[in-house]
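Only one structure is covered here, and it is reproduced in the block below.
The values are calculated or read from the model by the stated rules, or taken from the named source; none is laboratory data. Small disclaimer: the values here were computed from a predicted structure and weren't measured. Cβ placement follows ideal geometry from the backbone for every residue including glycine, while neighbour counts extend to all protein chains displayed. Heavy atoms of the whole protein, side chains included, go into the accessibility calculation; ligands, DNA and RNA do not. Shrake-Rupley method; radii C 1.70, N 1.55, O 1.52, S 1.80 Å.
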4 protein chains.
Amino acid sequence: MSYNIFGHVFKFMTWGESHGVAIGCVVDGCPPNIPIDAAEIQKFLDLRKPGTSRHTTQRREADLVKILSGVFENDDGVLVSTGTPISLMIENTDQRSKDYGEIQNQYRPGHADFTYQNKYGIRDHRGGGRSSARETAMRVAAGGIARQVVPNIKITGGLVQMGDLKINYENWDDAQISQNPFFCPDAEMVPKFEAYLDKIRKAGSSVGAVIEVRASNVPVGLGAPIYAKLDQDLASAMMSINAVKSVEIGAGSDAAALTGEENADQIRIDNHGEPFFLSNNAGGILGGISSGQDVIVRFAVKPTSSILTKRQSIDKFGKQVDIMTKGRHDPCVGIRAVPVGEAMMAVVLADHYLLNRAQNG
Amino acid sequence: MSYNIFGHVFKFMTWGESHGVAIGCVVDGCPPNIPIDAAEIQKFLDLRKPGTSRHTTQRREADLVKILSGVFENDDGVLVSTGTPISLMIENTDQRSKDYGEIQNQYRPGHADFTYQNKYGIRDHRGGGRSSARETAMRVAAGGIARQVVPNIKITGGLVQMGDLKINYENWDDAQISQNPFFCPDAEMVPKFEAYLDKIRKAGSSVGAVIEVRASNVPVGLGAPIYAKLDQDLASAMMSINAVKSVEIGAGSDAAALTGEENADQIRIDNHGEPFFLSNNAGGILGGISSGQDVIVRFAVKPTSSILTKRQSIDKFGKQVDIMTKGRHDPCVGIRAVPVGEAMMAVVLADHYLLNRAQNG
Amino acid sequence: MSYNIFGHVFKFMTWGESHGVAIGCVVDGCPPNIPIDAAEIQKFLDLRKPGTSRHTTQRREADLVKILSGVFENDDGVLVSTGTPISLMIENTDQRSKDYGEIQNQYRPGHADFTYQNKYGIRDHRGGGRSSARETAMRVAAGGIARQVVPNIKITGGLVQMGDLKINYENWDDAQISQNPFFCPDAEMVPKFEAYLDKIRKAGSSVGAVIEVRASNVPVGLGAPIYAKLDQDLASAMMSINAVKSVEIGAGSDAAALTGEENADQIRIDNHGEPFFLSNNAGGILGGISSGQDVIVRFAVKPTSSILTKRQSIDKFGKQVDIMTKGRHDPCVGIRAVPVGEAMMAVVLADHYLLNRAQNG
Amino acid sequence: MSYNIFGHVFKFMTWGESHGVAIGCVVDGCPPNIPIDAAEIQKFLDLRKPGTSRHTTQRREADLVKILSGVFENDDGVLVSTGTPISLMIENTDQRSKDYGEIQNQYRPGHADFTYQNKYGIRDHRGGGRSSARETAMRVAAGGIARQVVPNIKITGGLVQMGDLKINYENWDDAQISQNPFFCPDAEMVPKFEAYLDKIRKAGSSVGAVIEVRASNVPVGLGAPIYAKLDQDLASAMMSINAVKSVEIGAGSDAAALTGEENADQIRIDNHGEPFFLSNNAGGILGGISSGQDVIVRFAVKPTSSILTKRQSIDKFGKQVDIMTKGRHDPCVGIRAVPVGEAMMAVVLADHYLLNRAQNG
């Protein structure tokens, strides 16, 4: 939440450009003695990595993560965190910078080219440089570690809307998510998404999406009012993901149209004497603090701006140009945002788990 | 963005409970030699203060702000900031704590009572204590100072939806906003909102709202990727406001349904050789950095949870109870969130203006 | 450690000028359910407050602290912290600004007048404004709260050198510290300090001092390498006190003249199977982390720059002037730095106690 | 100043263990368009690197730094910073972990073994792991970048004391520093240091040192009171260096023995109408803000704890043991602390240069 660093006590810093030597992150503040398994982290990276289906960019990146520090064998021979910074690195292998050569001095509409150049007076134009969504790979890696910080936490993300096609929430089935290339929890929508996205891709176009991420088994009490509210930090986390244009908690923007009676989640006591809520419009967060209900976040991802259709723009010399981006791109970049959203949920919860422990023991 | 402190270099910290002695904030990092006029800050506070129309809570608070430090007369006899912390305080005058006595041990549905009690094991229950929206008065005060940091900045907030009634954006007229009790920019909607909210209030109910805040004359280059993106910090700022459930930038969640051709804002050169955009789906932010277009943020506010209808809940002893909140409340708390949203916009822009100056001179 | 805020998770922010309306601080991140007793905090303030003997400034300040937020009666009727910001304020009563009128435009040698004016282009010159040691009263108040965060902690500060007169460490007796106006642990030195300081005061001069602060019962494991080392944060804390020019941990600068054999504290096992150290050159900190030994910090305080002897300086118009400061000042400001040093030790330990709990449970 | 991250707006984070795969750092917040030359950074690293004379450890590390991100060719073909994170890495080549094998479970006296093990329950024992002074190589690398941030800044460090041998300050000659293996500015002391350290080394012992670092051409106005004072942050920076036990600014601890007349630096106007000071007891800092005089910091480094003499200690099973550290070590680790002290001075000044620009334009 400060430049290239995210988090209060569980922090990570990312570095690297899309077509540089490598990208990486350093996780600071991780508790010691947590098993850190590169293969486990790799699984999450593989979910995000490009080129796994025709529905994502055909750039081929092995995205193999290396752990450079912060882990050591414990007495049982298991690699665990030592409490010192965990440095993770992915070397870039398939860079094909030549694809981008001709737009070196042009500002692709909808991209950060214009603002980076104007802010810094210089930019690494190759594949978007620092502004590329490639940076999100390191979030996924950091998230792979964060997931292990909060005991029993379960985080599940799914694509709930593509273009104007929305899933039927009543069909939500966690088990479906890994069964299709869209991370879609509604099996009925999969063929529709497939047909729709094929059409988009063949037209050289792109389309947006909405992602929902849910966390179960979140302890009551995470979140630190007033300016480190759990929902605030989730909004910050999700909005920091490339191309995200909105963040909603629980009922989200629909809450505007509800009455007080409809919106406020009523509470009862179950047979074991435990409190439970009759609904979850709050998205598991009251007054910025987790209530023990599922934490639910949704975010909209705009369509990839790199498309095969000519668009009007300018170059850095102030000349008007038409731009068509020929590189290999995602027809719906929102798909690959699912594991990224999960990772950011994991990071925020880990951070707040530790922050709460600091203040409340 | 860390506990009760918001901001990177222009920071403010708020303190105080709804029914305590006073509430306050301290602004740190304000540039020196900026005119600080209590009367000017008071104007913004008066816009937010309760009891100004039948459409807001009838709690009467003068909300008179005092400046306790950080200002001094310059050589021209004008009170200006000195670069040291500016301490602002509002004494609470109309507290009527007795109104709340009977819910001392009960958790009002939709409120933070449950989570505060579970997190901290204690809470100031009077009027919601620290979780009360009364805290937002200090944001408005801090915002009054922040507005003066970025030269020529213009910040305008309006209520664009109440319940399921939405304004017609084509009717947006800044001048209308101060002419009605709803901060509504669409004159045609005012009588409809009035009738609608009267009905809601008389029914002892409440309703949500959507607020849009726009900033003009924002310099190009504000925002610090990757984890202090301008949109990220705006999302953080707005989501930290009590009762906010969603934040959108520019096209927001509608971007999900757009194609790449529709979404990416094309750029041209005007007659003065200056770049301009043909649309503003980006909400003035590309890659986390301001583009010079208007920065546009929208957020949804849930309906007040304190209503005159009985709701099911529990008390802190684990007993099931029915709760009806008799205090004086806002039928649409979203109305008074307009000046708060403006203030948070001002604070984020001031912070990033200084942060950008740090790195880029 | 960022502008006017100190601390990582247990933080406090101070505000106010020497001759303004009031000074104050806000403590953020304090654990809940800690008894907060204004009378208890007042005791520490009374130790620091001016005018208690002929050896300190004759400015009379009641220094009465008020608690404005963050505390509430628990079920036993005891005022305890609620986990929200604790706002503390002291109203200034004996300001006599006229004393300072004539040096409004002059830079007192050794003071911050020159640098504040050049940095900010404006300053509150009255009594040094923000740069006055009066700010340290709020550190003492914050320290009064911090002392309660780490269980069983015992913090003891003493004056160990005044001018070139040093105590005999073999005479150190905690019980003596409260028995003399110098916070001196060596009873034999008290009459010598008295005579010496009377002479200094009557000559219109001033003199420096060295303070040592010790903390016992510090848990093993406080300190977060590499850049939040316990000794680093203590150095930061002590050097931030007005007029402090050096900070030493354990053997301090004497360590330079030791050999490896002499310096490294050897470890043995006591009769209860617990480790103990044969010496404490490390000052209770190894690798930035507390070892369980007493944490020992020393700092040197320069002589008050405000003296009754004419000194050469300039004014803000660039004219050479001679300055003699007629206000009421401390002949040895180091004396009143003792409770301030204790407070900063308390704050650093509380902060690291919580920070360690975050990472290590 | 928070875990493994140092700095407010110009920040760097270090990672890596002494005998891990690599060590590294990421510099965040560096202004764009600053020439970043790996060869230039390498020069500073070469000054710190081990094995360059018989007076430092015989561990051989090439210490070759690689730049992995954050730089790009500008229009003139010069590699410059882009404003994004600059990732630097040094691969470890000469690790010889076997040297340390037998002390895997033992706590070397004076080392961090005891505290790391007790804090984290695990540690990388190889060569001290994270607590090794090897980490300081990355500070030197970060400092190599920081030096270019403040225009015209000149930073010079020298060894002014070894054991009980002190230089004669009147002999200080910057040009001498690079002419001897001790970074000693007093040519007369060099043969004495040589003879002394040969004796120490042959005895299998070690000795401490005092380093002084000076910065010239520091602009007036750097430093942000109250809790980001320039001297405070320098104290924090220097005390964070391994083995440092004291930090002094200007007259330092000697200030305790001065009178007010002696201590406060008088000010005059020179022939060009510019203010100048008649002395520099303040070390270039008044009220936490730079005055334009040379900024002067001194710090004491304790003797290396790894010596060839048996010392009493315990192991992690609570058994008493005698330890003799056979690895290759520095007889006076203070020597190699000179470039580290310079680097930390550079980092603090760069950070405050940017921080001041944020607030004061």
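Below are the figures for this structure:
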{"quantity": "Out of C:Gly283, C:Gly292, sole residue that is crowded, with 24+ Cβ neighbours inside 10 Å, part of a loop (DSSP other than H, G, I, E, B) and more than 7 Å from chain D (Cβ to nearest Cβ)", "calculated": "C:Gly283"}
{"quantity": "Count of segment C:252-262 residues which are assigned to a helix (DSSP H, G or I), within 7 Å of chain D (Cβ to nearest Cβ) and open to solvent by 10 Å² or more (accessible area, probe 1.4 Å)", "calculated": "3"}
{"quantity": "The lone exception for D:Thr304 - which of (1) open to solvent by 10 Å² or more (accessible area, probe 1.4 Å); (2) touching a strand residue (DSSP E or B) at 6+ places or on another chain (Cβ under 6 Å) it fails", "calculated": "(2)"}
{"quantity": "Failed item in (1) modelled with pLDDT of 95 or more; (2) farther than 22 Å from A:Ile23 by Cβ; (3) open to solvent by 20 Å² or more (accessible area, probe 1.4 Å), with D:Ile67 passing the rest", "calculated": "(2)"}
{"quantity": "Which numbered condition D:Asn74 misses (of (1) within 7 Å of chain A (Cβ to nearest Cβ); (2) touching a Phe, Trp or Tyr at 6+ places or on another chain (Cβ under 9 Å); (3) surrounded by fewer than 18 Cβ atoms within 10 Å (Cβ to Cβ))", "calculated": "(2)"}
{"quantity": "Residue match in segment D:264-278 (condition: under 26 Å from C:Arg298 (Cβ atoms), buried (at least 24 other Cβ atoms within 10 Å of the Cβ), of a type outside the set (Asp, Glu) and within 9 Å of another protein chain (Cβ to nearest Cβ))", "calculated": "yes"}
{"quantity": "Considering residues of segment B:231-251 that are more than 7 Å from every other protein chain (Cβ to nearest Cβ) and of a type in the set (Val, Ile, Thr) only, the residue farthest from B:Phe12 (Cα to Cα)", "calculated": "B:Val244"}
{"quantity": "Hits in segment B:1-25 (condition: at pLDDT 95 or above, of a type in the set (S, T, N, Q) and not in a loop (DSSP other than H, G, I, E, B))", "calculated": "B:Thr14"}
{"quantity": "Among residues of segment C:195-230, those that are part of a strand (DSSP E or B), more than 9 Å from every other protein chain (Cβ to nearest Cβ) and either open to solvent by less than 30 Å² (accessible area, probe 1.4 Å) or hydroxyl-bearing (Ser, Thr, Tyr) (or both), counted", "calculated": "5"}
{"quantity": "Number of the exception - A:Thr84 against (1) more than 14 Å from chain B (Cβ to nearest Cβ); (2) under 22 Å from the mean Cα position of the chain (by Cα)", "calculated": "(2)"}
{"quantity": "The one condition in (1) more than 25 Å from B:Gln359 (Cβ to Cβ); (2) open to solvent by 20 Å² or more (accessible area, probe 1.4 Å); (3) of a type in the set (A, V, I, L, M, F, W, C) that A:Val21 fails to fulfil", "calculated": "(1)"}
{"quantity": "Candidate set from segment C:77-114 (those that are acidic (Asp, Glu) and either within 30 Å of A:Gln359 (Cα to Cα) or open to solvent by 10 Å² or more (accessible area, probe 1.4 Å) (or both)); member that is modelled with the lowest pLDDT", "calculated": "C:Asp99"}
{"quantity": "Residue in segment A:133-150 that is among the hydroxyl-bearing types (Ser, Thr, Tyr), within 14 Å of another protein chain (Cβ to nearest Cβ) and free of Cβ contacts under 8 Å to residues at least 24 places away in the same chain present", "calculated": "no"}
{"quantity": "Residue check for A:Phe10: in contact (Cβ under 8 Å) with a residue 40 or more places away in the chain, in contact with a Cys (Cβ under 7 Å, 6 or more places away or on another chain) and of a type in the set (A, V, I, L, M, F, W, C)", "calculated": "yes"}
{"quantity": "Selection count, segment D:13-60, where residues are in contact with a Cys (Cβ under 9 Å, 6 or more places away or on another chain) and farther than 25 Å from A:Gln117 by Cβ", "calculated": "6"}
{"quantity": "The listed residue being under 25 Å from the mean Cα position of the chain (by Cα) and among the aliphatic types (A, V, I, L, M), out of C:Ile314, C:Ile289", "calculated": "C:Ile289"}
{"quantity": "Meets criteria (open to solvent by less than 10 Å² (accessible area, probe 1.4 Å) and either of a type in the set (Asp, Glu) or outside any helix (DSSP H, G or I) (or both)) for D:Val150", "calculated": "yes"}
{"quantity": "Selected residue (criterion: farthest from D:Pro225 (Cα to Cα)) from residues of segment C:28-52 that are crowded, with 24+ Cβ neighbours inside 10 Å and facing chain B (nearest Cβ under 9 Å)", "calculated": "C:Gly29"}
{"quantity": "Scope segment D:197-225; condition free of Cβ contacts under 8 Å to residues at least 24 places away in the same chain and on the phi > 0 side of the Ramachandran plot; matching residues", "calculated": "none"}
{"quantity": "Any hit, segment D:37-51, residues being in contact (Cβ under 8 Å) with a residue 60 or more places away in the chain, over 22 Å from the mean Cα position of the chain (by Cα) and under 27 Å from A:Tyr3 (Cβ atoms)", "calculated": "no"}
